[in-house]
Amino acid sequence: MWDDIKAKIRELSKLDKTKQVFGSRGHKYKFGKRLTFDQIKKWEERSGAILPPNLRAFYLECGDGGAGPYYGMKKLDDLGFYKPKSPFVDTTQLLELAKANSNDDEYYYKDDDHWDVAESDYQGLISIIDYGCGDEICSVTNGDKTGHVFLKTMDYGFYDQGSLQAEFHRWLDKELSLFETVIGLMDQCSSASELDEICVQRFKFYRARDYMVSYLGVTKPSSLFGRNENQYHCASQFPWYNEQFPRKKKKFWWF
């Protein structure tokens, strides 16, 4: 069930040598130790929650958290609960609650694309991935949608993402495609600045230079980018990217 996903993760890891993909610094494209049926059963008995089959398969076949979209999959003991044994409440029902209670401080409704409800209204869910900024990817644990994953946001609603495997494939296919685009353009462009300009204009992709140096295996210096590489000073950083741009065409590169 997960073999093709694990193969894509290995491929992405080889391209992203210095871990520039969002969240990869944390999980490093690795999984925790694979769990056993007995370990999962004991966790379910202890927690009172039952894992959907596709989520159980992840912990059995891949491992106890690790590589995955955004900040990666949570460890089994770190999963968050939204009344997992209760009937799942879908987007339509939650949206109606947001509209009906919009004057309450626990609710928010601007329009059908910007809304939120009280935390107590979410149920039939387990939080499995930290999306960032308080948003989460959750797996449905009860009802017809069991096994589907939903993006739960702070003020943009609640979105069905399909299966957990589909969420992984979307993440991997997007990132692999971005690397493929950058690598292809490196053979056509004359500088990192030109590469960046094309990626922004054609693809609205603003991190082409980071993906370029990651593919080349060049570590960004802390003197320019800070210890966590989160300093942004284009006047000094852009010339550094141009210095890293390969002077030879791809057929002569040795990687």
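We did not get these values from a lab; they are worked out from the coordinates using the rules stated. Not measured: the values here are computed from a predicted model. Neighbour counts run over all protein chains shown; Cβ positions are idealised from the backbone, glycine included.
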- Task: Can you spot the lysines whose alpha carbon is less than 24 Å from Lys145's alpha carbon? Ignore those fewer than 8 places along the same chain.
- Result: Lys41, Lys74, Lys75, Lys83, Lys85, Lys99
- Query: Around Tyr131, which amide H atoms from residues at least 5 apart in sequence, or from another chain, sit under 5 Å from its own amide H, with H modelled in the peptide plane?
  - Reply: Glu136, Ile137
- List the extent of the Cα atoms of the chain along each of their three principal axes, largest first, rounded to whole Å. 60, 47, 30
- Extent along principal axes [Cα atoms of segment 170-252; Å; largest to smallest]: 32, 30, 24
- Given the alpha-carbon gyration tensor of segment 150-189, what are the semi-axes of its equivalent ellipsoid in whole angstrom, ordered largest first, with each equal to the square root of 5 times an eigenvalue? 31, 13, 5
- Query: Amide H of Phe158: which non-local residues (sequence gap of 5 or more, or other chain) have their own amide H closer than 5 Å, using H built in the peptide plane?
  - Reply: none
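Per residue, how big is the convex hull around the C-alpha atoms of segment 111-244? Give it to me in cubic angstrom, could you?
Details: hull volume 21.4 nm³, N = 134.
Hull volume over Cα atoms, normalised by residue count, gives 160 Å³.
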- Per-residue HN-Hα couplings for segment 211-226 [Karplus 6.51, -1.76, 1.60; θ = phi - 60°; Hz; x = Gly/Pro]: 5, 4, 5, 5, 4, 6, x, 9, 7, 6, x, 5, 5, 9, 10, x
- Loop-resident sites, segment 107-186, for GluC sites (Glu not before Pro), counting at most 10 other Cβ within 10 Å (DSSP): none
- Per-residue HN-Hα couplings for segment 50-64 [Karplus 6.51, -1.76, 1.60; θ = phi - 60°; Hz; x = Gly/Pro]: 10, 6, x, x, 5, 6, 4, 4, 4, 5, 7, 8, 9, x, 7
- Residue-ordered couplings for segment 67-78, obtained by feeding phi - 60° into the Karplus form 6.51 cos²θ - 1.76 cosθ + 1.60 and rounding to whole Hz (Gly and Pro as x), are 3, x, x, 6, 8, x, 6, 6, 5, 4, 6, 9
- Message: Which of His169, His27, His114 has the fewest other C-beta atoms within 10 Å, and how do the rest follow up to the most?
- Response: His114, His169, His27
- Note on the structure: Footprinting proxy, Tyr159, Tyr82: sorted fewest to most Cβ within 10 Å, the residues are Tyr159, Tyr82
